[in-house]
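The values are calculated or read from the model by the stated rules, or taken from the named source; none is laboratory data. Keep in mind that this is a model prediction, so the values were computed, not measured. Heads up, the Cβs are rebuilt from the backbone with ideal geometry, glycines too, and the neighbour counts pull from every protein chain shown. Quick note on the areas: whole protein, heavy atoms, side chains included, nothing else; ligands and nucleic acids left out. Shrake-Rupley method; radii C 1.70, N 1.55, O 1.52, S 1.80 Å.
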There are 2 protein chains.
Amino acid sequence: MEAEKKRAGSAVFPDDGRKRVVIENVAPEIDCGRFPIKRVSGDIVAVQADVFSDGYDVVAAMLLYKKEGEGSWREIPMEFLGNDRWEGAFAVPEPGSYYYTVSGWIDHFATWKNDLKKLFQAGETLAVSRLIGEALMVNAASRAIGNDRNHLLEMAAAFRKSKDDAGALLISQQDELARLIRVYPGSLDAAMYGKRLEVVVERREALFSAWYEIFPRSCCKDGGEHGTFRECEKYLPLIAEAGFDVVYFPPIHPIGRSNRKGKNNSPGAEDEDPGSPWAIGSADGGHKAVHPELGSLADFERYVTLAKGFGLQVAIDVAFQCSPDHPYVREHPEWFRWRPDGTVQYAENPPKKYEDIIPFDFENDQWQSLWEELRSVFLFWIERGITIFRVDNPHTKPFLFWEWVIREVKGLYPETIFLAEAFTRPKVMYRLAKLGFSQSYTYFSWRNTRMELEQYLTELASVQDYFRPNFWPNTPDILPEFLQYGGTQAFVIRFLLAATLSASYGIYGPPFELFVNEAIPGKEEYIDSEKYEIRCWNWSDPKNMRELISLVNRIRRENPALQTNLNLRFCETDNDNVVCYLKGTTGLSNLLLVIVSLDPFNSQECTVSIPLEYLGVSSGHPYLVHDLLTDEKNIWHEEHNRVALNIHALPAKICRLTPRLRREHQFDYYM
Amino acid sequence: MEAEKKRAGSAVFPDDGRKRVVIENVAPEIDCGRFPIKRVSGDIVAVQADVFSDGYDVVAAMLLYKKEGEGSWREIPMEFLGNDRWEGAFAVPEPGSYYYTVSGWIDHFATWKNDLKKLFQAGETLAVSRLIGEALMVNAASRAIGNDRNHLLEMAAAFRKSKDDAGALLISQQDELARLIRVYPGSLDAAMYGKRLEVVVERREALFSAWYEIFPRSCCKDGGEHGTFRECEKYLPLIAEAGFDVVYFPPIHPIGRSNRKGKNNSPGAEDEDPGSPWAIGSADGGHKAVHPELGSLADFERYVTLAKGFGLQVAIDVAFQCSPDHPYVREHPEWFRWRPDGTVQYAENPPKKYEDIIPFDFENDQWQSLWEELRSVFLFWIERGITIFRVDNPHTKPFLFWEWVIREVKGLYPETIFLAEAFTRPKVMYRLAKLGFSQSYTYFSWRNTRMELEQYLTELASVQDYFRPNFWPNTPDILPEFLQYGGTQAFVIRFLLAATLSASYGIYGPPFELFVNEAIPGKEEYIDSEKYEIRCWNWSDPKNMRELISLVNRIRRENPALQTNLNLRFCETDNDNVVCYLKGTTGLSNLLLVIVSLDPFNSQECTVSIPLEYLGVSSGHPYLVHDLLTDEKNIWHEEHNRVALNIHALPAKICRLTPRLRREHQFDYYM
């Protein structure tokens, strides 16, 4: 009979069909564990998981973690949150990789202990249950060693001998007993979550930093000559006083002559045109050389050291592309895609064309030697004191390359920070973040309305385990329309949004500070751009916003709420010209309310809705609202509060909220 | 120098760093591919994925699929949806397992072809580009064979010889050329999505069926004697005429005597008490025997065959537990957990206690022999014509066991359907669905208000790739409060909701049809429950709802929109006592508007908002609203429409919508 034959078929069993606990839905976990999550030194990593079993036995869950290189897991008991969800957390004090996973098991002893208590409370007999419990203790003792063994046997004996059930119950509920039983588990061990998940921990600056971009050649000598690293030194105190963390230089390498761009990106350069710094490589060298007119490598190293003294780190631009004059072109023709006419197609980043640049061919047979050389570029500069790289157009080089090179470099130098200049499609940007970039440029530059900002920040919150934004109101490539037509208050608005909505932000410095807003007509590009010519900025122009920048950077340093991208929460207002949000640290010990008018022309008023429940305040209870920009203080009591933003003063407020005023403080503040 | 040493370290490269295409976010995919998705025969499986590359080359994506046992993948080109998202679909005509995955590659030829067109349109020279294209064709020819090779060489020659660029462009854009180039790809082959994802295809009844539960012992002989399978035959025409698909019997096996339950679950049974059918096993046999008072195994098989003649399938209850009198207890004591006093703790499903039942110990050393025996129970009944099993309390047996046994049984008999009677925590229910149960009982029985229903159905929509609901307004275990106090209209309301909100639904038949609503005071349980005594229902009682049931089951069979759980969409109403939803097939060729009053006592009116855009109708354009319950027809024109639900007639409407009336039809309907 066919059916009989079928029944006789041998079955394939799972390894141990008695592992009854299931672990699923572990968070955070990116793409099934394909990519690590990101954290910074000093963070606490909270991990949640669904851990459950069939039936009604008591389940226990453990968070396991270790730092890279450690042999065995460290264990953190997880806490039950309800609905089969568990949570545990561990600290990540140092840069590098940590790993975590989850285990779960049936806690037969706890099950028995609970049942015993229930029986007792129901007034039922404990006789059978006591025999079972004693066996559990004796069994554990048989696996235990030394004192533990004796201790378990003693407890088992005391439990057996206890004349009344109440006394036995008391013994059964001792924490020490539970601990010993746990130390010597039976044959049915824990079920493991199948994956080892990774946390890449970076130093704090990967998350929190203020960037200042400057073209070193524009730190002109008197008389408007080509700037040098030595001239740049003069501006270090200014940048440091303004409270920045990072000074970022566009490429500092020799600039090619072939197809050099003239002023305003014109195809034919005049003899005196300095060319675009992104057209890297000439007879003077390539990615490991400095442009001779900027000075020597020693000058550059001297600048980096001096900057450190001012608390500033220097970031350089890494643009993996070549001028046709780059030594690589001659020495490694195999790294380029030669066309039948003996040329290489110039680079593009549609709609932009870079006639002065040729790309590497990452599909070439010698891709490994190319990758190794490019890795050596990072290592070269790291050895010269640079640990922050702004990577130009990473989205035009293969994902696998970036994943490899970042892991290689961070394996040697975990403190290295990579900022992706990927202005491209969202999924490409997120992939670059997943595979290792510490930070990324964003669409912030073009998000101006309240709805745009709320939607975009909500999207960023959903990817915050791996994507860290760096908000730039302008770059040498981008002079947004809003800045072009909005006058000085447009600069103030965009600066305040960038500096408070994202833990990392940056400005393309001098032209931003000085409210430069002249664009090529119909485009979002600077006219007479520094990319193609030397601009000697008048740093002492009285019309500048350095004072505000300095104040806001101080506020950022003094308020941990602005040093994280967590806990951003938009508040309702009745005026779409005003955006309003709360930023708080975990536990809300530091809590800011930021209110920014989005209208650069007119004063705006609105009613702001404060989520009192979130603040832990009841309606009618006073809370302090202290504007850190003006030092103005107010006491609010209610959910809805009227706010005026004066266009002739500051179109924004950054208020520190102190939700729980004690009576004596209330008195102070009312005075 | 330490740094130099570091740089010298050998690098570990990926296998092929030139694979530039990334495939991620494939959907559907459950728990990283750990579990299969579910479909039914005849479905089309739509698969989406993000497929993209660095740079600006043209990317192509392919959906690969095959049926279990097939060697090579079948290929379906995926279509670009925008935002790096691609979609493809394949048909699954037969029950069994299918597999799918995605591949993607850089289409160098398409990239070149597009560039050529752009150059031509910009009026630029094609000279270099034409040389490149010719090389692509000649290279493909070098890999091609037979006619294809010749054809490629011919096209390359024609392309080269074409005097004007326009002619060359024309040749380059031929579909045949693209096809041949694709057939003979170069060395850089496709990137594969790393996972092989599975679809478990079941027969249509796994998704769409109407169940009728009946205790065979209540199909009494005249005079109220214990019913038999032979007596049951008499009711087959009635059940078939009412339009049901499945007749489901609670356990039909010998009932134990030890600790037998008396009427109303009382601990001590009288001699004449028949006991609970779930207390399986006696001297007469266990899970492979039938209760002697019901008849013989042959009688049962005869009933199953007769039922088939009426278009009815018989489902039986599989309850893996034993009366203490079950032969297993004697023959396989190793399958039970014996306590020190020589007893086995009776089963519980808190807060319920089953003193007449003992559970298996799935943690016993001989778990494999237990699993094999339980598998043989399914196979035994399948060989006797049963292919639908209602599984009792699956959540009190290990997940691994169910995953194994369902896969084993479906491997032999893919047509087998498993309904999980898991009234437990949501994550446990969903896990059981993921691991293989075809359908599951749900919380529907306790979701009465509009908000409750909308929230619950929205939750179910989010798990519809693996969890198929079966909605029961009542079961022998559940007489919900709403039915207790709501009178006959409560039964009508709950029936209509179950039958239209879920493709599968069931009723515990006679007491539901007959509006039986007497409960044990303070509980949601039937008084004088059939679980503990024989109830000879008066099937010919004129106060019954069989006519409505019959009509609704016909409507379900005639309207494909009610045969799927997709495309459920709630509509707004201005009255929370009314719930309103659209159910449509893909493409909306069959579209129903269901409006149900949730108030069993009063007539209700409301304004229903119809999403005209979703229907493809512009405001003011007429659409037909045909109530299939009353045959009443209306023409509506607008989004908002007034509806009255008369409590003295039917408190609900099931309207077929015909959104796009042509002029001549409009004329007809206005007459």
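Filtering B:Leu460, B:Leu483 for residues that are surrounded by 23 or more Cβ atoms within 10 Å (Cβ to Cβ) and outside any loop (DSSP other than H, G, I, E, B) leaves a single hit, B:Leu483. Apart from one condition, A:Val344 fits all of (1) within 12 Å of another protein chain (Cβ to nearest Cβ); (2) closer than 30 Å to A:Leu236 by Cα; (3) aliphatic (A, V, I, L, M); the exception is (2).
The conditions of being at negative phi and in a loop (DSSP other than H, G, I, E, B) are not met by B:Leu562.
Of all the criteria given as (1) open to solvent by 40 Å² or more (accessible area, probe 1.4 Å); (2) touching a strand residue (DSSP E or B) at 6+ places or on another chain (Cβ under 6 Å), the one not satisfied by A:Glu124 is (2). Residue check: is B:Thr387 within 14 Å of chain A (Cβ to nearest Cβ) and either out of contact with any Cys (no Cβ under 8 Å at 6 or more places or on another chain) or not hydrophobic (A, V, I, L, M, F, W, C) (or both)? Taking the combined requirement at face value, the residue satisfies it.
The condition of being of a type outside the set (A, V, I, L, M, F, W, C) and under 30 Å from A:Glu198 (Cβ atoms) does not hold for A:Glu334. With a requirement of 1 or more residues that are farther than 28 Å from A:Ile106 by Cα, the strands (runs of 3 or more DSSP E) lying completely within segment B:336-454 that satisfy it span B:388-392, B:417-421. Residues satisfying the criterion are absent from segment A:398-414 (criterion: of a type in the set (Ser, Thr, Tyr), at pLDDT 95 or above and buried (at least 22 other Cβ atoms within 10 Å of the Cβ)). Taken over segment A:36-87, the residue count meeting the criterion of being at pLDDT 95 or above, open to solvent by 60 Å² or more (accessible area, probe 1.4 Å) and closer than 27 Å to B:Asp392 by Cβ is 1.
Counting the residues of segment B:430-455 that are over 16 Å from B:Thr475 (Cβ atoms) and among the small types (Gly, Ala, Ser) gives 3. A:Arg431 fulfils the conditions (1) more than 21 Å from A:Trp278 (Cβ to Cβ); (2) within 9 Å of chain B (Cβ to nearest Cβ); (3) more than 15 Å from the chain's Cα centre (by Cα) except for a single criterion, (3).
For segment B:280-293, does any single residue satisfy the condition of being under 22 Å from B:Trp472 (Cα atoms) and either in a helix (DSSP H, G or I) or at pLDDT 95 or above (or both)? So far as segment B:280-293 goes, no, none of its residues is under 22 Å from B:Trp472 (Cα atoms) and either in a helix (DSSP H, G or I) or at pLDDT 95 or above (or both). Please enumerate the residues belonging to segment B:408-427 that are more than 26 Å from B:Thr475 (Cα to Cα) and within 9 Å of chain A (Cβ to nearest Cβ). Correct list: B:Glu408, B:Gly411, B:Leu412, B:Tyr413.
Could we say that A:Phe300 is closer than 16 Å to A:Leu374 by Cα and either touching a strand residue (DSSP E or B) at 6+ places or on another chain (Cβ under 9 Å) or buried (at least 22 other Cβ atoms within 10 Å of the Cβ) (or both) here? When the stated conditions are applied, A:Phe300 does not pass them.
Look at segment B:109-132: where a residue is within 12 Å of another protein chain (Cβ to nearest Cβ) and a partner is in a loop (DSSP other than H, G, I, E, B) and among the hydrophobic types (A, V, I, L, M, F, W, C), sitting 6+ places away or on another chain with Cβ atoms under 8 Å, you get B:Thr111/B:Val58; B:Asn114/B:Val58; B:Leu119/B:Leu126. Selection of segment B:587-619 for residues being touching a residue at least 40 places away in the same chain (Cβ under 8 Å) and surrounded by fewer than 21 Cβ atoms within 10 Å (Cβ to Cβ) yields B:Leu588, B:Asn590, B:Asp599, B:Pro600, B:Phe601, B:Asn602, B:Ser603, B:Glu605, B:Pro611, B:Tyr614, B:Leu615, B:Gly616. Within segment A:620-638, the set of residues being buried (at least 16 other Cβ atoms within 10 Å of the Cβ), part of a loop (DSSP other than H, G, I, E, B) and modelled with pLDDT of 95 or more comprises A:Leu628, A:Leu629.
Evaluate segment A:222-239: report whether one residue or more is open to solvent by less than 10 Å² (accessible area, probe 1.4 Å) and of a type in the set (D, E, K, R). Within segment A:222-239 (the criterion being open to solvent by less than 10 Å² (accessible area, probe 1.4 Å) and of a type in the set (D, E, K, R)), the answer is no, since none of the residues qualifies. Can you name the residue in segment A:498-535 that is among the small types (Gly, Ala, Ser) and more than 17 Å from A:Ser218 (Cα to Cα) and, of all such residues, is surrounded by the fewest Cβ atoms within 10 Å (Cβ to Cβ)? Once the filter is applied, the top-ranked residue is A:Gly522. Of the numbered conditions (1) within 14 Å of A:Trp112 (Cβ to Cβ); (2) within 14 Å of chain B (Cβ to nearest Cβ); (3) touching a residue at least 12 places away in the same chain (Cβ under 8 Å), A:Arg160 fails exactly one; give the number of that condition. A:Arg160 satisfies every listed condition except (1). Within segment B:221-256, the set of residues being outside any loop (DSSP other than H, G, I, E, B) and within 26 Å of the chain's Cα centre (by Cα) comprises B:Ile239, B:Ala240, B:Glu241, B:Val246, B:Val247, B:Tyr248, B:Phe249. Of the candidates B:Arg556, B:Arg546, the single residue that is modelled with pLDDT of 95 or more, surrounded by 20 or more Cβ atoms within 10 Å (Cβ to Cβ) and either within 26 Å of B:Lys352 (Cβ to Cβ) or touching a helix residue (DSSP H, G or I) at 6+ places or on another chain (Cβ under 6 Å) (or both) is B:Arg556. Assessment of segment B:535-554 against the conditions (closer than 26 Å to B:Ile44 by Cα and within 30 Å of the chain's Cα centre (by Cα)) yields at least one matching residue. Among the residues of segment B:44-67, count how many are at the interface with chain A (Cβ under 10 Å from one of its Cβ atoms) and assigned to a loop (DSSP other than H, G, I, E, B). Count: 4.
Here B:Gly506 meets each of (1) assigned to a helix (DSSP H, G or I); (2) under 17 Å from B:Tyr248 (Cα atoms) with one exception, condition (1). For segment A:324-363, filtered to residues that are in contact with an Asp or Glu (Cβ under 6 Å, 6 or more places away or on another chain) and at pLDDT 95 or above, the residue that is surrounded by the most Cβ atoms within 10 Å (Cβ to Cβ) is A:Phe336.
Among the residues of segment A:73-94, none qualifies, meaning not one is farther than 30 Å from A:Phe467 by Cα and not acidic (Asp, Glu).
Would you call B:Leu453 more than 11 Å from chain A (Cβ to nearest Cβ), farther than 20 Å from B:Arg375 by Cβ and of a type in the set (A, V, I, L, M, F, W, C)? Taking the combined requirement at face value, the residue satisfies it.
Just one of the listed residues (B:Asn559, B:Asn567) is under 20 Å from the mean Cα position of the chain (by Cα) and more than 21 Å from B:Arg447 (Cβ to Cβ), namely B:Asn559.
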